[in-house]
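Q: Take a look at this one; I'll ask things after.
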Amino acid sequence: MVKEGITKVYTEYITFNTKNRRELIRITDKIKEAVKKSSVKEGLCLVSAMHLTASVFIQDDEEGLHQDIWEWLEKLAPFRENYKHHLTGEDNADAHLKNLITHLQVVLPITEGKLDLGPWQEIFYAEYDGQRPKRVIIKIIGI
Amino acid sequence: MVKEGITKVYTEYITFNTKNRRELIRITDKIKEAVKKSSVKEGLCLVSAMHLTASVFIQDDEEGLHQDIWEWLEKLAPFRENYKHHLTGEDNADAHLKNLITHLQVVLPITEGKLDLGPWQEIFYAEYDGQRPKRVIIKIIGI
Amino acid sequence: MVKEGITKVYTEYITFNTKNRRELIRITDKIKEAVKKSSVKEGLCLVSAMHLTASVFIQDDEEGLHQDIWEWLEKLAPFRENYKHHLTGEDNADAHLKNLITHLQVVLPITEGKLDLGPWQEIFYAEYDGQRPKRVIIKIIGI
């Protein structure tokens with residue numbers, strides 16, 4: 001089960017510019033393409049938001065669950081006027097808190113040239129303060 | 001402090017089938033064995049749940065704290081009937097939300113052939129919807 | 001975009017001993033120095049708390065937002081007397097729960113010899129139970 005080889009590193013950036021302020025976008029296929037382009041057979045793939053008001057996480061691609069997630073996030077990290085961060089002119093403190101709960105990144109295993117995900121695992125980009133260009137980095141390291 | 005070498009990658013899967021719906025299982029020893037089998041001396045070890053309703057995290061192996069964690073998780077992501085996800089016939093939306101809070105994975109440092117953990121750090125598999133076979137992947141990369 | 005090379009691994013520990021029980025400390029510069037010392041040009045940098053009552057996360061270096069984060073964390077994982085963990089003589093169960101929400105670690109991409117962060121991303125060490133020496137590990141792997 002131990003494999004050896006020359007290390008390869010591959011980098012790619014994806015830009016999102018969502019129509020809505022909050023969106024959940026399935027990005028599994030984009031990550032699969034990046035893994036293919038990397039030619040890495042065994043390794044790790046970091047997928048990480050490059051902003052503070054978005055997340056990358058793994059969940060189920062089920063519309064009802066997505067609604068549950070949005071309702072729940074709004075309850076735990078509600079949009080409201082009177083955050084101290086808003087004294088700077090911003091209005092997105094809730095988006096920062098939503099990022100803290102759901103975390104900005106995942107690290108994915110690559111096995112035999114493919115993302116080694118469980119049966120229902122899909123990768124999502126969660127936008128909490130969109131309508132402007134925002135980036136995600138994909139960094140793959142392996143053999 | 002910079003070490004060089006040939007890259008090795010090691011993969012292992014662990015299957016859990018818990019008796020109870022919710023369980024917290026200490027898996028530090030299993031991960032230590034995997035690190036030994038990998039023969040990696042310096043590197044990273046990803047431990048990641050392959051499902052959407054379980055987590056892997058690092059915490060203290062103290063029974064009182066575990067009870068606190070369960071009570072707290074139940075408060076932040078309560079089990080209840082009327083999640084939209086349940087229209088699909090599922091009843092585990094709370095388990096998805098518990099996964100989102102506690103995150104599905106950890107990345108562990110390996111130094112001098114051993115997991116480089118702090119004095120009280122133990123690795124746990126947290127099952128939020130068990131009583132069926134569920135897998136965790138261990139992916140080790142290093143020299 | 002695929003780069004190849006000999007694998008290097010670099011390890012460093014940072015010790016914090018905060019004056020206050022709770023503190024948020026910007027550590028971006030320390031991590032940048034470690035990346036320089038590693039001489040890694042392309043790879044991953046794990047920054048992980050070695051304790052159960054502290055976190056490492058990425059957020060904005062804005063004082064108002066930091067106050068929002070502290071208030072919010074206190075609401076979601078409040079300090080109180082009657083946690084079961086406190087039967088052991090400890091009084092820091094809230095710090096364990098705050099760690100679970102904000103996660104203990106981040107994995108950072110390194111590109112062209114530099115941390116590949118977004119425009120506002122700063123790395124923070126969040127201390128939830130300080131006033132004693134506590135460590136963070138930096139583990140860098142790449143080419």
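Q: State which entries of B:K3/B:K114; B:K30/C:K139; B:K3/C:K30; B:K19/C:K75; A:K3/B:K32 exceed 24 angstrom in Cα-Cα distance in the structure shown.
A: Violating the 24 Å Cα-Cα cut-off are B:K19/C:K75.
Q: State the answer as a single residue: which of A:T11, C:N92, B:T28 lies farthest towards the positive end of the charge dipole of the protein assembly as shown, with beta carbon charges of +1 for Lys and Arg and -1 for Asp and Glu, about the Cα centre.
A: Projecting each Cα onto the dipole axis, the largest value belongs to A:T11.
Q: How well do other chains shield peptide B:72-84, expressed as the mean number of their Cβ atoms within 10 Å of each residue Cβ?
A: Averaged over the peptide's residues, the number is 3.
Q: What is the dipole size for the protein assembly as shown, taken about its Cα centre, with +1 at each Lys and Arg Cβ and -1 at each Asp and Glu Cβ, in debye to the nearest 20?
A: Charge dipole, the protein assembly as shown, about its Cα centre: 1520 debye, nearest 20.
Q: So, how do all the Cα-to-Cα distances of segment A:1-91 break down into 10 Å bins, in percent, from 0 on up?
A: Taking all Cα pairs of segment A:1-91, the binned fractions are 11, 33, 29, 18, 8, 1 percent.
Q: Quick one: which residues, 5 or more positions from C:T18 or on another chain, have an amide H under 5 Å from its amide H? H modelled 1.01 Å from N in the peptide plane, none for Pro or chain starts.
A: C:Q131, C:R132
Q: For B:94-101, what's the mean count of beta carbons from other chains sitting within 10 Å of each residue's beta carbon?
A: The per-residue average across the peptide is 5.
Q: How much accessible surface area, in Å² rounded to 10, belongs to the heavy atoms of A:R22 with a 1.4 Å probe?
A: Counting only protein heavy atoms, the figure is 80 Å².
Q: Continuing with the same structure: How far apart, in nanometres, would the label points at B:R135 and C:K114 be if each is projected 7 angstrom from Cα along the Cα-to-Cβ direction?
A: Reported label-point gap for B:R135 and C:K114 is 4.1 nm.
Q: Another one. Quick check: with the 1.4 Å probe, what order do B:E81, A:E90 take by accessible area, largest first?
A: The residues order as B:E81, A:E90, largest area first.
Q: Can I ask one more? So for segment C:49-137, averaging the separation of alpha carbon pairs under 8 Å that are six or more residues apart and normalising by length, what relative contact order in percent results?
A: 53 percent
Q: Also: Sticking with the crude label model, points 7 Å out along Cα→Cβ, report the distance from A:T28 to B:E4 in nm, one decimal please.
A: For the pair A:T28/B:E4, the computed spacing is 4.1 nm.
Q: Checking a compactness column here: for segment B:48-106, what do you get for Rg(Cα) / (2.2 N^0.38 Å), N being the number of residues?
A: Normalised Rg, Cα atoms only: 1.21.
Q: Across peptide A:118-127, how many C-beta atoms of other chains are within 10 Å of each residue C-beta, on average?
A: Other-chain Cβ atoms within 10 Å of each residue's Cβ, averaged: 3.
Q: Now for a separate question. Sorting C:L100, A:L115 by accessible area (1.4 Å probe), largest first, what list results?
A: A:L115, C:L100
Q: Quick check: with the 1.4 Å probe, what order do A:K41, C:K98 take by accessible area, largest first?
A: Largest accessible area first, the residues go A:K41, C:K98.
The values are calculated or read from the model by the stated rules, or taken from the named source; none is laboratory data. Since the model is a prediction, treat every value here as computed from it, not as a measurement. All Cβ positions, even for glycine, are placed from backbone atoms using ideal geometry, and neighbour counts span all protein chains on display. Quick note on the areas: whole protein, heavy atoms, side chains included, nothing else; ligands and nucleic acids left out. Shrake-Rupley method; radii C 1.70, N 1.55, O 1.52, S 1.80 Å.
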